[in-house]
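The values are calculated or read from the model by the stated rules, or taken from the named source; none is laboratory data. These numbers were taken from a predicted model, which means no experiment stands behind them. FYI the Cβ positions are ideal-geometry reconstructions off the backbone, even for glycines, and counts take in every protein chain you see. Accessible surface is based on the protein model in full, side chains and every heavy atom, while ligands, DNA and RNA are left aside. Shrake-Rupley method; radii C 1.70, N 1.55, O 1.52, S 1.80 Å.
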Amino acid sequence: MPTHLENTKARDDECMAAYLAMLPALAWRVDIVRNDITFLNAHTIPSLGEQAKSVLQNPGLARQMIFKEDRERFFHCFDQIRNRQPTACTFRMRSSNDATGWFKIMAMPDPAFPTCSVGLLMDIGSHVNTILSIEGRPGLSDKIDLLDDPVLLIRFSDRKVFMANQAAQRMLHYPAKDIPTLDFDRILQKNSGAKLFQIYEGLIFSDCWNGELSVTDSMGRHHQCMARIQAIARDEENLLWVTLTHMNSCQACKGVPVRGNESVLSPEIIEAMGTCTTIKELLKTMLNALPPNSPTDAIMLSRIFIAENKVLVTGAGGPFETIPENHTHPYEGSIAENIVRFNLPHHVVMETSKSIKPIDWALFIPRGIHSYYAQPFFDNDVLANVLIFCSNLPGNYDPDAPAPLHELYPEFLDGLRRCLKAAG
């Protein structure tokens, strides 16, 4: 006889199936390990029919149907899907009757399946046509705001930004009133003279250029982007249409502060770490080595004993002063278990109050820790230690940045072996 939990799950599954059936979009799930796609509803996009599924499965067909100007954006979006990154893009395709259709693809990591992304493909032609019917020929601001990626329009005459869509304004962090005075060369300041020459040469001879660019925002942060630059003419104004798409390697702007990559390496620090005789002394030395603007308020070492279902934790810093060395917690429900289960290179929590892990509620939340960056260390492919950098504020570590104090890790591991040997 089904249990109450099984009955509840069955009802949830029925509700989800009914919801997916009503969606005006084709819903799907991609398994990035098995490299296959499952369609989650039977929605048909009238302008595409069964070709809608084929476009998601067959890169060759997608390349044929998607407008040349939009292909790069579409395939970059699909790369993001394969990397389980949240992503979205708008693109144009030729429909079955050879008409121009506007479509949007959106995806995110599937929370229920750690190797999958789930997403939607929808026809947004009616939205675009509404703009056309109301305003006739749509203005450039309407056109560029249809795109989810940052778009800039640059004047030929003075290389100033003529217009920027909302996504570009968010990325560059300039107020709207400052956009018309912004120099394109200032945005591209991180790129070499040879790269800029290559861009302008491409524009002169081909009217377009595609490639990787570094884009600098108002705070001096550098965004790694794939760019498409095309020369256009509009109302007697010669412009460059610049479309930018963040690359997976970009660490400057992903909705979280660019933190977690403090790098401090000096002879004094290395010497001090070499004299430590206990784990707590070692952690305190590393904590003191952090720069003044570091978000880290405390450091904890978790020694992992999977077979014994236990972890031994030692902390340094105000939040952990009252915790004795080698304090015992269960391995089950720990950060270490999460790292092993999902084979994570590191583990970042942006807000512990949203956590469902027992260790967060037992150890971090009561001591005011709101975010942390956990770096694992393995011994013969078995997780042995996890070094955890903790902050009293939420959102203080960038999951895509190098780990805090990563340049000191060889000295840390040497010091840890020495301290454990001394302790017997």
- Provide a single number: the residues in region 89-110 that are at pLDDT 85 or above, open to solvent by 20 Å² or more (accessible area, probe 1.4 Å) and out of contact with any Pro (no Cβ under 9 Å at 6 or more places or on another chain). 3
- Selected residue [touching an Asp or Glu at 6+ places or on another chain (Cβ under 9 Å), under 13 Å from ILE299 (Cβ atoms), surrounded by 15 or more Cβ atoms within 10 Å (Cβ to Cβ) and not polar (S, T, N, Q)] from ILE335, ILE369: ILE369
- Any residue in region 338-353 that is open to solvent by 20 Å² or more (accessible area, probe 1.4 Å), closer than 22 Å to LEU420 by Cβ and out of contact with any helix residue (DSSP H, G or I) (no Cβ under 6 Å at 6 or more places or on another chain)? yes
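Does PRO150 satisfy being open to solvent by less than 60 Å² (accessible area, probe 1.4 Å), touching a helix residue (DSSP H, G or I) at 6+ places or on another chain (Cβ under 6 Å) and at pLDDT 85 or above?
Working: open to solvent by less than 60 Å² (accessible area, probe 1.4 Å): yes; touching a helix residue (DSSP H, G or I) at 6+ places or on another chain (Cβ under 6 Å): yes; at pLDDT 85 or above: yes.
It is true that PRO150 is open to solvent by less than 60 Å² (accessible area, probe 1.4 Å), touching a helix residue (DSSP H, G or I) at 6+ places or on another chain (Cβ under 6 Å) and at pLDDT 85 or above.
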- Task: Please list, ordered by first then second residue, the pairs with beta carbon atoms under 8 Å, 6 or more apart or interchain, first in region 78-93 and at positive phi, second in a strand (DSSP E or B).
- Result: ARG84/PRO109; ARG84/CYS116; ARG84/SER117
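Please go through region 49-74 and give me each residue that is buried (at least 16 other Cβ atoms within 10 Å of the Cβ) and modelled with pLDDT of 85 or more, ordered by number.
Going through region 49-74, the residues buried (at least 16 other Cβ atoms within 10 Å of the Cβ) turn out to be 51-53, 55-56, 62, 65-66, 70-74.
The answer is GLN51, ALA52, LYS53, VAL55, LEU56, ALA62, MET65, ILE66, ARG71, PHE74.
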- Message: Just the residues that are among the charged types (D, E, K, R), at pLDDT 90 or above and either assigned to a helix (DSSP H, G or I) or closer than 18 Å to VAL348 by Cβ (or both), please, taken from region 359-384.
- Response: ARG367
- Query: Out of all the residues in region 176-188, which are under 24 Å from the mean Cα position of the chain (by Cα) and not hydrophobic (A, V, I, L, M, F, W, C)?
  - Reply: none
- Message: Conditions first: (1) of a type outside the set (Gly, Ala, Ser); (2) touching a strand residue (DSSP E or B) at 6+ places or on another chain (Cβ under 6 Å); (3) without any contact (Cβ under 8 Å) to a residue 12 or more places away in the chain. ASP36 passes all but one, so which condition is the exception?
- Response: (2)
- Message: If TYR409 meets every condition in (1) under 18 Å from LEU290 (Cα atoms); (2) touching a residue at least 40 places away in the same chain (Cβ under 8 Å) apart from one, which number is that one?
- Response: (2)
- Note on the structure: Taking region 339-357 and keeping only residues that are under 19 Å from PHE113 (Cβ atoms) and touching a strand residue (DSSP E or B) at 6+ places or on another chain (Cβ under 6 Å), one is left with ILE339, VAL340, HIS347
- Item | Wholly within region 54-128, strands (runs of 3 or more DSSP E) carrying at least 2 residues that are in contact with a Ser or Thr (Cβ under 7 Å, 6 or more places away or on another chain) and under 18 Å from ASN41 (Cβ atoms) | 100-109
